[in-house]
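Let me begin by presenting the structure, written as structure tokens, before commenting on it.
The values are calculated or read from the model by the stated rules, or taken from the named source; none is laboratory data. Quantities reported herein were computed from a predicted structural model and do not represent experimental measurements. FYI the Cβ positions are ideal-geometry reconstructions off the backbone, even for glycines, and counts take in every protein chain you see. For accessibility, only protein heavy atoms count, side chains too; no ligands or nucleic acids. Shrake-Rupley method; radii C 1.70, N 1.55, O 1.52, S 1.80 Å.
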Amino acid sequence: METPKNPLSREYQEELGKLSPFEIKNQLIALAQEDARESSATYLNAGRGNPNWIAYDAREAFFLLGSFAMSECKRVYQAEPGIAGIPCRKGIADRFEKFLADNAGQAGGKMLAEAWKYMTETLGADRDDLAHEWAEGITGDQYPTPPRILKFTEMAVRPYMAQEMGHRAPGGGQDYDLFAVEGGTAGMCYVFDSLQANHLVNAGDKIALMAPLFTPYIEIPELDRFNFDVVNVSASHVEADGYHYWQYPDSELDKLRDPKVKLVCLINPSNPPSYRLSDHDMDRLVDIVKKDNPNLIIVSDDVYGTFAHDFRSLMYILPQNTLCVYSFSKYFGATGWRLSVVAAAKENIFDKLIAALPQKEKDDLTRRYRSLTLDVPGLKFIDRMVADSRDVALNHTAGLSTPQQIMMSLFAIKCLLDTKDVYKSEMQRMIHGRLQALWDNTGFELLPDPLRVGYYSEIDFMVWAKKIYGEDFAKWLPTAHNPLDVTMRLAKDAAVVVLNGSGFNGPEWSIRTSEANLTRSAYVTIGKKVRQILDGYYEEYKSRFPNIC
């Protein structure tokens, strides 16, 4: 789409507003880059959640492990031009421990040795089996086996999930099965596909979305193949003092008491506005499930949980009802790695609901999965998801690539070794510093709130229009401008890209900024530019109504 001659045209903005905010972003980027070229402004893109940091020590361990794996391949067989064998299990643990000793001073050597010790001593992994899985996994010479997740990847990620998603839940996550997938977006697609394929949620069924939320959760249910009847459960109301608290009133949560609502999707902490669910809201959800809707399927996307203090996912509050989608992408600066897991409790309602289906639908599922097992009724929902991810027929080639799974393991172990949460504290400090820089320079008040995470910020212009310039100005603003005008002006006049909050089912006049991908000083600039937009609207208002002002 070409940049229009007048991007501030209300007619054009209304057309553009029909698109996903991530599609609108492309126009905003073009405008911002054009402004940066034609002025002295610095192009700043706060529209995407891709972090500008990486966890380097786990990566160094990964690359050093790769060096060991190559030596193992060449030890077995080596010929020109560049041909080698595949790792041999016999005696591999002894060779690996010698390698660790010889390379203790190399980048990644310390962490790799600590990871080895943690897996073999703390978790009790068989030494030769582990060294062989790591060497073959990082080499990528075999199909992922088992296809759902490698044995020792699951052994490492389970306690990581218990630590980070369960606030160090007892049991080390052993009550959960994990499916390693290609990023959180793949997890979303697989969950929706398998819920429908197994007749747990059918086309036209009523589902709920806890808004605001990430746009794919809004867009997927509208696809023809799903065509769900969507109920919005909104956290976007303004409290009596005029501020957003981004929690859910009881009246909104109580929409989930209707047993016709088969599925609810949420992001916790939210995206946007980046707040974790309150204890009150969690307790309300428990009450809803226990008293009124025991078969409610909960899909909880918890990618930002590691940025919250004392976080507990619904997967540990309502384990039987919850499918958790967790991604390693944000916390470790690893969006390009595409590393995520879908977690399901071993005892869950998905398997129970499948067992209770009418015979006609059971027969349909027997036909669907009969090439995989003689006991289709005994096939777990999470294993059905693995098969569905490859249209069942290609189940034997399913699974996340093995090098990705080894990287996932090392990221998980890095945090399991960090018993004092040093990495977590630094991530949270950095994010909150950027958030504060943004808000301090808008001149808007950011109230203290322990539930605020800060990875994103949602700024509702209408709240601040009322608070700073009064109700009359706030009533005039929508008559003069389209809500998308804020994002367009920031791009065109200030070379700043943010996303429209309305695209996330948030307040119409809100904008979403990411605090992950720019320096602290950049958020100082963005905060000032945001305030200038609001002040500019007020100057326009005064010029039109001088007698009122």
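Observations, loosely collected:
- At the listed q of 0.16, 0.23, 0.24 Å⁻¹, the Debye profile of the stretch 339-437, built from one uniform point per Cα, gives log10 I(q)/I(0) equal to -0.83, -1.21, -1.26.
- Packing order of peptides 388-396, 127-135, highest average first: 127-135, 388-396 (average count of other Cβ atoms within 10 Å over each peptide's residues).
- Fraction of the pair-distance distribution of the stretch 275-388 above 17 Å, Cα-Cα pairs, percent: 63 percent
- Two-decimal log10 I(q)/I(0) for the stretch 379-445, as the Debye equation yields it once each C-alpha is a single scatterer, q = 0.15, 0.18, 0.21, 0.28 Å⁻¹: -0.74, -0.80, -0.89, -1.09
- Distance between the stretch 84-109 and the stretch 415-437 - C-alpha centres, whole angstrom: 33 Å
- Within the stretch 477-524, the ratio Rg/Rh, alpha carbon atoms throughout and Rh by Kirkwood, equals 1.01.
- Relative contact order (percent, whole number), the chain, Cα cutoff 8 Å, 6+ residue spacing: 23 percent
- Theoretical ellipticity at 222 nm over the chain - DSSP helices of four or more residues, -39500 (n - 2.57) apiece, nearest 500: -14000 deg cm²/dmol
- Quarter of the Cα convex hull surface for the stretch 195-250, i.e. its orientation-mean projected area (nm²): 4.6 nm²
- Debye log10 I(q)/I(0) for the stretch 66-192, one point scatterer per Cα, at q = 0.12, 0.13 Å⁻¹: -0.56, -0.65
- The stretch 48-129 - Rg over Rh from alpha carbon coordinates, Kirkwood radius: 1.06
- Gyration tensor verdict on the stretch 214-331 (Cα atoms; rounded if a/c is under 1.5, prolate if a/b is larger than b/c, oblate otherwise): rounded
- Computed magnitude of the charge dipole of the stretch 408-457 (debye, nearest 20; Cβ of K, R +1, Cβ of D, E -1): 200 debye
- In angstrom, the C-alpha Rg and Dmax of the stretch 437-549 are 14.1, 44.
- Pairwise centroid distance, computed over Cα atoms, of the stretch 237-313 with the stretch 339-373, Å: 26 Å
- Measuring nothing but alpha carbons in the stretch 380-492 and taking Rh as the Kirkwood radius, the Rg to Rh ratio lands at 1.20.
- Antiparallel content of DSSP bridges confined to the chain, in %, to 5: 50 percent
- Largest-first principal axis extents, alpha carbons of the chain, Å: 89, 61, 44
- Amide H to amide H, with H built 1.01 Å from N, Ser234 comes under 5 Å of Ala211, counting only residues 5 or more places away or on other chains.
- Size estimate for the stretch 157-260 follows the Kirkwood approach: the inverse of mean 1/r over distinct Cα pairs works out to 16.4 Å.
- Each of Phe68, Leu19, Leu438 was placed along the dipole of the chain (beta-carbon charges, centred on the mean Cα), and the one lying farthest toward the positive end is Phe68.
- Only protein atoms count toward the accessible area here, which uses a 1.4 Å probe; on the chain, the carbon and sulfur part of that area reaches 50 percent.
- Based on the Kirkwood approach, the hydrodynamic radius assigned to the stretch 338-383 is 11.8 Å, with every pair of different Cα atoms included.
- Once the Cα gyration tensor of the stretch 460-503 is diagonalised, semi-axes √(5λ) in Å: 20, 10, 10
- Calculated translational diffusion coefficient of the stretch 510-549 (25 °C, 0.890 mPa s; Stokes-Einstein with Kirkwood radius over alpha-carbon pairs) equals 205 µm²/s.
- Estimated dipole of the chain in Debye, rounded to 20 [Cβ of Lys and Arg +1, of Asp and Glu -1, Cα centre]: 540 debye
- Accessible area expressed per residue, the chain, with surrounding protein chains retained (probe 1.4 Å, Å²): 42 Å²
- Amide H contacts for Leu499 (H built 1.01 Å from N in the peptide plane; partners 5 or more residues away or on another chain; cut-off under 5 Å): Arg512.
- Ser20-Asp418 FRET efficiency (beta carbon distance; Förster radius 30 Å; 0.05 resolution): 0.25
- Reach of Lys360 by Cα under 18 Å, taken over aspartates and glutamates that are not fewer than 8 positions away in the same chain: Asp351, Asp375
- Selected from Ala308, Asn268, His280, residue furthest toward positive end of dipole (the stretch 226-316; charges at beta carbon): Asn268
- Since only Tyr523, Thr122, Val201 are under comparison, the one whose Cα sits farthest along the positive direction of the charge dipole of the chain, derived from C-beta charges on Lys, Arg, Asp and Glu, is Thr122.
- Each Lys and Arg contributes +1 and each Asp and Glu -1, all at the Cβ; summed about the Cα centre of the stretch 434-517, the dipole is approximately 140 debye.
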